[in-house]
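The structure appears right after this line, and notes come after that.
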Amino acid sequence: MGVELDHILWASPDLDIGSSLIGKLTGVEPTRGGSHQGFGTRNSLLGLGNIYLEIISPDPAQSLEGNRGGQIAALARPGLATFAVRTTDLGAYAAAAKRAGVGTTGPVEMGRTRPDGVRLDWACLYVTHPVFGEIIPFAIDWKASPHPSATTPDGGRLKEFTVLHPRAEELAGIYREMGIDIPVRIAATPGFLAVLDTPRGELVLTSP
C-alpha cells in the first residue's frame with residue numbers, strides 16, 4: 001500500500017470570507033468547488049503543485065446539526081483542521097489502520113459535476129480514534145477522476161507540513177504503521193503547521 005499527501009483542509013466559518021482571505025494572502029483566488037451532501041460543508045480549492053489546499057466551510061443550504069459543517073461554524077477563527085492522504089487501495093489503508101488501533105468508517109462514495117460538465121467521482125475512508133481523532137488523516141481514492149490540483153488555480157507550493165501533538169511519539173508510531181510519511185513534532189496542543197511558498201511570499205498556516 002502506498003499513500004501520499006493529497007490535500008490539507010483549512011476550515012473557515014464563512015466560505016466567502018475564508019476564500020477571500022486566502023486569495024489576499026497568496027495572491028491567487030481559490031476556485032469554488034462544491035457541496036458535500038450530508039456533511040454540511042462546501043469548499044473552494046487552491047492548487048499547490050500535485051496537492052491542494054481545501055478551504056472548507058459550512059454550507060448554508062444544509063442542516064449543520066451534528067456534522068462537520070456545524071463543527072466548523074462554531075470555530076472562533078479559521079485554521080488548519082486535518083489532512084487527507086491519497087491511495088488506490090482503501091482496503092489496505094483500513095487494514096493498516098486496524099493494525100495501528102485506529103477505527104475506520106466507509107469507504108463513502110462521493111462525487112460532483114464541475115461547472116464545465118466534467119464528472120468527478122471519488123471515495124473516502126474516514127478514521128476514528130478516541131485520542132487523536134482527525135489528527136490522523138482520512139484517505140481518498142480519486143479513481144479515474146482528474147486530480148483537483150491539475151484543474152485549480154496554482155497558488156504556489158507546500159514547503160513544509162508538520163503535525164503537532166503532546167503525544168508525538170505515540171502518534172508517529174501510528175503514522176508509521178499506516179504508511180503516513182508526515183513529520184510529527186511535540187507541542188503543547190494538537191494541531192498542524194503548513195508553510196506555503198506563494199506568489200506573495202512565504203505564508204504560514206496554523207490550526208485555530
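The values are calculated or read from the model by the stated rules, or taken from the named source; none is laboratory data. These numbers were taken from a predicted model, which means no experiment stands behind them. FYI the Cβ positions are ideal-geometry reconstructions off the backbone, even for glycines, and counts take in every protein chain you see.
A compact table of results
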read-out	value
Any hit, the range 63-78, residues being surrounded by 16 or more Cβ atoms within 10 Å (Cβ to Cβ), in contact with a Phe, Trp or Tyr (Cβ under 8 Å, 6 or more places away or on another chain), in contact (Cβ under 8 Å) with a residue 24 or more places away in the chain and closer than 22 Å to Arg119 by Cβ	no
Whichever residue in the range 143-166 is within 16 Å of the chain's Cα centre (by Cα) and either in a helix (DSSP H, G or I) or among the basic types (Lys, Arg) (or both) and, among such residues, is surrounded by the most Cβ atoms within 10 Å (Cβ to Cβ)	Pro148
Val131 vs. criteria among the hydrophobic types (A, V, I, L, M, F, W, C) and crowded, with 16+ Cβ neighbours inside 10 Å	no
Matching residues in the range 36-48 - criterion: being over 15 Å from the mean Cα position of the chain (by Cα) and either modelled with pLDDT of 95 or more or of a type in the set (S, T, N, Q) (or both)	Gln37
Residues satisfying the stated conditions in the range 1-35, i.e. within 14 Å of the chain's Cα centre (by Cα) and either loosely packed, with under 15 Cβ neighbours inside 10 Å or in a strand (DSSP E or B) (or both)	Glu4, Leu5, Asp6, His7, Ile8, Leu9, Trp10, Ala11, Gly33
Breaking point among (1) on the phi > 0 side of the Ramachandran plot; (2) exposed (fewer than 14 other Cβ atoms within 10 Å of the Cβ), for Gly106	(2)
Residues located in the range 82-139, provided they are among the β-branched types (Val, Ile, Thr), assigned to a loop (DSSP other than H, G, I, E, B) and in contact (Cβ under 8 Å) with a residue 40 or more places away in the chain	Thr87, Thr88, Val102, Ile136
